[in-house]
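Below is one structure, written out as structure tokens; the observations come after it.
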């Protein structure tokens with residue numbers, strides 16, 4: 001007999017019951033228990049999740065959009081700046097997890113496509129077996145008991161499912177920090193007055209101004225005249241009244257200064273502002289096309305226009321320390337430094353494009369060298385198991401104007417992810433890490449290729465430093481003994497590398513007494529003095545390279561001396577990382593030999609560090 | 001002065017040069033100037049600097065001068081001609097001097113700058129066009145590195161002065177000089193001459209003992225040239241090759257010895273046992289563990305089981321522990337005399353936990 005399905009039957013449906021008030025909520029709930037919960041899948045959240053996962057924690061990463069990357073994603077398309085421009089004009093690249101991502105993007109996205117970049121990030125995160133990635137899901141509430149977050153409630157838009165995620169440590173990398181706010185974590189918005197932190201670039205009196213959000217656009221050349229008619233919602237750009245820093249050229253990549261700020265609740269205003277931003281973006285494009293002042297734009301058309309404004313500032317959660325302008329410009333040494341920044345003090349004017357008379361950014365100051373970011377500004381002062389990374393950390397408005405860029409957010413992310421994993425291992429909260437285990441946290445970060453300026457590594461577990469003899473087949477600069485000096489880059493004009501004279505090049509570490517060994521870790525050169533982030537319009541120059549860094553080690557092999565014989569322990573061909581690891585079953589050796597066969601173009605190989613562990 | 005000039009001769013070479021400001025390779029005449037002995041003393045070339053204002057471009061011919069190894073020396077403008085900046089400003093006297101200074105810096109920022117950067121970001125560009133959001137890293141040249149308002153002129157002339165022409169000049173100088181002059185080049189204090197000479201000697205296929213001795217003399221004095229020297233020595237015929245390697249090993253320092261050992265490991269020539277035995281005797285003479293290890297590896301590879309080497313290696317057992325351990329592992333695989341075996345066994349007993 002034919003089975004007849006009654007499509008109108010709703011007897012077992014959640015919704016009809018809700019309609020009749022029989023059921024208050026749909027029963028599509030899901031509970032997840034994990035160790036570390038990361039809210040927000042931007043650059044900070046990605047690095048936090050990966051760091052925690054690699055350091056042994058089970059991690060759930062919750063992202064409210066269908067793609068990872070946040071402001072850097074194809075939805076918004078902000079460039080991943082970090083310490084991309086010191087006063088010298090050159091960068092001081094972050095290294096660590098961010099470096100791995102940027103290099104991966106070089107290998108898989110030579111075309112600089114933003115949508116491909118989304119999936120480079122997806123690939124990078126989903127490679128980690130310890131991470132559960134949950135997309136299209138916003139964390140709307142934290143359940144807090146005795147100042148400790150017990151679980152977080154999240155709404156998954158695509159499946160109409162309420163997720164309850166229970167974790168021991170919770171990291172808010174969401175930018176706006178809704179979860180942390182609902183947990184009751186103390187936060188600020190707006191600008192501090194000059195006096196509070198002795199900040200010369202702060203206003204005399206505190207106020208509510210927050211830097212605005214921006215809608216970007218990009219255009220392309222069609223090779224023939226292309227007339228343009230602006231849509232009715234566009235808002236006229238009053239070019240005559242604008243400060244000259246609102247430059248139209250180059251117009252191809254959009255205008256960062258199409259920005260609307262707020263002196264009150266920038267989150268509450270977001271939808272209203274979005275409509276205004278759309279109007280301004282199209283208004284400026286109308287000016288480009290139809291003012292007659294830019295004949296070079298005649299053949300250009302809009303190719304992409306954002307719909308999701310990229311936010312610069314909203315909540316800043318307070319930690320045991322508040323990072324401020326004097327810390328940055330005086331390069332304060334923090335005992336608990338775990339990250340660093342160096343983007344200029346790029347404070348945008350109050351109001352953005354609605355305040356045409358002032359320059360869009362004050363560009364208060366560029367840095368000669370990088371500044372440290374302390375761990376005590378990366379966890380909540382009143383919620384015991386809450387950490388944060390990104391623009392929502394414990395800092396002043398002026399400090400944020402520099403630290404807000406995503407490369408810097410990413411290194412904070414790696415720091416808090418590593419810290420969260422350490423909390424799990426030791427069964428303690430972040431404050432205890434700050435007060436009792438900060439050296440251990442710093443050493444782990446340094447081992448994982450993070451850089452903490454002017455804080456050399458001194459890992460007691462690293463056996464490379466105990467070698468009785470270190471020698472190399474050739475040398476053109478530096479010294480092999482610098483491979484164990486704990487500084488993983490040339491720093492402040494001092495050399496901390498060994499560079500071969502030609503290839504193949506060998507480095508040998510040898511001991512008088514045999515040692516047990518199960519890993520060898522190498523940090524090679526990728527030239528941190530040239531930017532490699534994705535750009536909309538790439539150009540090779542002093543501060544940027546469009547290719548795979550030629551310095552990067554491409555092929556390297558390891559041999560171990562066991563019972564007087566060199567034994568081959570493998571070759572890594574087509575290496576794509578700055579930090580290269582050889583892991584193997586523990587074995588007793590008297591020496592190991594690293595042979596660097598090939599780089600991606602450089603005629604010598606340069607290494608910064610060699611470590612080994614049992 | 002006339003008679004002086006008569007002793008020089010000029011030779012024109014048609015050259016093809018790639019310039020980053022030009023789409024296609026450019027044909028030009030490189031003029032070589034030789035002294036009475038036929039030694040090139042310098043070169044010159046007429047190039048041009050392009051200045052475009054709106055749609056109109058002006059071409060200003062400029063004559064550049066180099067020494068005989070391609071180091072830029074100076075420039076000359078035709079009488080009455082001047083250089084200009086954007087907006088038709090003329091060069092000031094100090095701008096001409098500064099241009100000379102920029103062209104003489106072979107490591108100028110213009111080395112890495114791309115033509116498009118110059119065009120899209122003229123150097124009067126304001127300090128900041130770049131926010132965290134925008135893509136372009138605007139070109140910013142320090143005042144000391146450019147003539148303000150004339151970045152394109154600086155860029156164009158810098159690449160003429162320091163581009164492909166440098167290696168063309170080096171090659172031409174190599175080709176022009178006599179063998180006697182090449183030998184002088186080898187010993188010149190400026191090592192660029194050494195590299196020019198070796199490249200040319202390889203081209204001319206000259207590996208005589210006399211030339212090798214000159215190379216050895218230079219390299220013993222300048223160890224940093226060892227690797228370059230071996231690229232030449234390795235190509236010599238058997239007898240002279242072994243002669244040169246021997247001299248560099250026995251008369252040189254650590255860098256020479258390590259390079260000599262590596263060369264012997266890599267060479268396709270078969271090496272006589274006596275030759276290697278002689279090297280083996282040095283096992284107890286060389287200072288560093290690295291050399292002992294490399295030498296023992298060489299001997300194991302190409303002179304296995306030599307009684308002479310075994311005897312010397314036995315002596316290593318009394319030396320610094322790393323050397324002794326290395327020798328032990330070599331000796332362990334050998335047929336030894338009872339006395340030697342007893343010595344090895346004794347070493348094993350004493351150090352078995354450290355092997």
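Values quoted throughout were computed directly from the atomic coordinates according to the rules given, and no laboratory measurement underlies them. All values reported here derive from a predicted model rather than from experimental measurement. Cβ atoms come from the backbone with ideal geometry, glycine included; neighbour counts cover every protein chain shown.
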Cβ-based exposure ranking for B:103, A:98, A:104, B:301, in which fewest neighbours within 10 Å come first: B:301, A:104, B:103, A:98
Given just the C-alpha atoms of chain B, how large is their convex hull per residue in cubic angstrom? 212 Å³
Using C-alpha positions alone, give me the convex hull volume of region A:464-613 per residue in cubic angstrom. 109 Å³
Need one value for A:536-547: mean number of C-beta atoms belonging to other chains within 10 Å of its residues' C-beta atoms. 5
Please give the Cα centre distance for region A:141-165 versus region A:358-400, rounded to the nearest Å. 27 Å
Between 0 and 90°, nearest 10: helix A:114-126 axis offset from chain A longest Cα axis: 50 degrees
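For region A:464-613, what relative contact order do you get, as a whole percent, if you take Cα pairs closer than 8 Å and at least 6 residues apart? Walk me through the numbers on the way to the answer.
Details: 362 pairs, mean separation 53.2, N = 150.
It rounds to 35 percent for region A:464-613.
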Any chance you could check the Cα centroid distance between region B:236-259 and region B:308-355 for me, in angstrom? 28 Å
GNM of chain B, Cα pairs under 10 angstrom: of B:165, B:219, B:15, the biggest fluctuation goes to B:15
Run the helix sum for chain B: -39,500 (n - 2.57) per DSSP H stretch of 4+ residues, divided by residue count, reported at 222 nm to the nearest 500 deg cm²/dmol. -15000 deg cm²/dmol
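Take peptide A:75-81, look around each residue's Cβ out to 10 angstrom, count Cβ atoms belonging to other protein chains, and average those counts.
Values: counts 0, 1, 2, 5, 8, 1, 6.
The shielding value for this peptide is 3.
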Defining a contact as two alpha carbons under 8 Å apart and six or more residues distant in sequence, what relative contact order in percent does chain A show? 16 percent
Based on the Cα gyration tensor of region A:243-285, what are the three equivalent ellipsoid semi-axes, each the root of five times an eigenvalue, rounded to whole Å and given largest first? 23, 12, 7
Relative contact order of chain B: what whole-number percent is it, with Cα pairs under 8 angstrom and at least 6 residues apart? 9 percent
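Going by how many other beta carbons lie within 10 Å of each one, how would you line up A:226, A:412, B:45, A:406, fewest first?
A:226, B:45, A:406, A:412
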Which percent of the Cα-Cα distances in region A:216-307 go past 19 Å? 40 percent
Sticking to Cα atoms, compute the Rg of region B:131-277 to one decimal and its Dmax as the biggest Cα-Cα distance, whole number, in Å. 22.0, 71
For chain B, modelled as a Gaussian network with Cα springs under 10 Å, which listed residue fluctuates most, B:193, B:72, B:328? B:328
When DSSP assigns beta bridges and you keep just the ones with both residues in chain A, what percent turn out antiparallel, to the nearest 5? 80 percent
On Cα atoms only, tilt of B:307-316 relative to the major axis of chain B in degrees: 80 degrees
Do the sum for chain A: with -39,500 (n - 2.57) for every DSSP H run of n ≥ 4, divided by all residues, what is the mean residue ellipticity at 222 nm, to the nearest 500 deg cm²/dmol? -6000 deg cm²/dmol
With only alpha-carbon pairs counted, each pair once and no self-pairs, how large is the Kirkwood hydrodynamic radius of region A:153-195 in angstroms? 13.0 Å
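Counting every Cα pair in region B:303-355, what percent are over 19 Å apart?
15 percent
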For the residues A:39, A:171, what sequence is obtained by ranking on other C-beta atoms within 10 Å, fewest first? A:39, A:171
Taking Cα atoms only, helix A:43-54 is inclined relative to the longest principal axis of chain A by an angle, in degrees rounded to 10, of 40 degrees
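Quantify how strongly other chains surround peptide B:348-355 by giving the mean number of their Cβ atoms within 10 Å of each of its Cβ atoms.
Neighbouring Cβ atoms belonging to other protein chains average 2 per residue here.
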Which three extents, in angstrom, do the Cα atoms of chain A have along their principal axes, listed largest first? 79, 71, 67
